[in-house]
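Chemist: Below you will find the structure I want to go over with you.
All of the numbers you see were taken from the coordinates with simple rules; none came from a lab. As the structure is a computational prediction, the values presented were derived from the model and not from experiment. Neighbour counts are summed over all protein chains in view; Cβ atoms, including those assigned to glycine, are modelled from backbone coordinates with ideal geometry.
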Amino acid sequence: MVSEEFVLDASAFYTGIPFLSCTKYYTTSLVFNEIKHINKSYSVVELLKDIGDLKVIEPEKQILENVNTIAKKTGDSAKLSSADISIIALALQLKKILISDDYAILNIARLLNIPVKTLTTKGITNVRKWITYCYTCGKAFDPNIRECLLCGNRLRRRYKKIVR
Ligand SMILES: [Zn+2]
């Protein structure tokens, strides 16, 4: 059996990851604190931490800032907690596969070329970006703008596929 290493976000813990021997898991303290209250699997998580198969590591500040910058650009930052940002940064830093079921996390991970694994079958296949646009004029605007600069209508938001 080949040894594998994964970075786990909170959704991975909630869904219940298949803990395997020969597998090493990584997470950040923010995520670890967030999942502490899940009674059903917490004893397993604690055991894994005790025997060293689950390591809690803090991402570097510079990498955290890079992830924050990307999240702001794609419009995902409002949907991401600091724990979410920390786990993306850790996966980027360790260059390990990130396990997550969170759409916004997966979106950023793909943009940063972080290999990802989802626990459900509904993983995202394309990187998308939120765009703010006017329904009447069809013109796209900066995400911070609320009303169309041409006609004054309220702007709408939708995901748009990014062609890379
Ligand atoms: Zn307009």
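Chemist: Can you give me the relative contact order of region 4-117 as a percent, contacts being Cα pairs under 8 Å and 6 or more apart?
Modeler: 32 percent
Chemist: Let me ask something else about it. Multiply the residue gap between Cys137 and Thr15 by 0.36 nm, knock off their C-alpha separation, and tell me the result in nm, one decimal place. Please report the intermediate quantities before stating the final value.
Modeler: On the way: separation 122, 0.36 × 122 = 43.92 nm, distance 4.27 nm.
Contour length minus Cα-Cα distance gives 39.7 nm.
Chemist: Would you work out the charge dipole size for region 4-117 about its Cα centre, treating the Cβ of every Lys and Arg as +1 and the Cβ of every Asp and Glu as -1, and quote it to the nearest 20 debye?
Modeler: 200 debye
Chemist: Would you work out which of Leu48, Asn33, Ala10 lies farthest towards the positive end of the dipole of region 4-117? Charges go on Cβ: Lys and Arg +1, Asp and Glu -1.
Modeler: About the Cα centre, the residue reaching furthest to the positive side is Ala10.
Chemist: Consider a paramagnetic label point 7 Å from the Cα of Leu119 along Cα→Cβ; state which residues of region 54-83 have an amide N under 19 Å from it.
Modeler: Taking a point 7 Å out along Cα→Cβ of Leu119, the residues of region 54-83 whose backbone N falls under 19 Å are 54-57, 80-83.
Chemist: Then there is this: Taking a threshold of 18 Å on the Cα-Cα distance, which of the pairs Lys24/Lys95; Lys49/Lys117; Lys72/Lys96 fall above it?
Modeler: Values: Lys24/Lys95 13 Å; Lys49/Lys117 21 Å; Lys72/Lys96 23 Å.
Check vs 18 Å cut-off fails for Lys49/Lys117; Lys72/Lys96.
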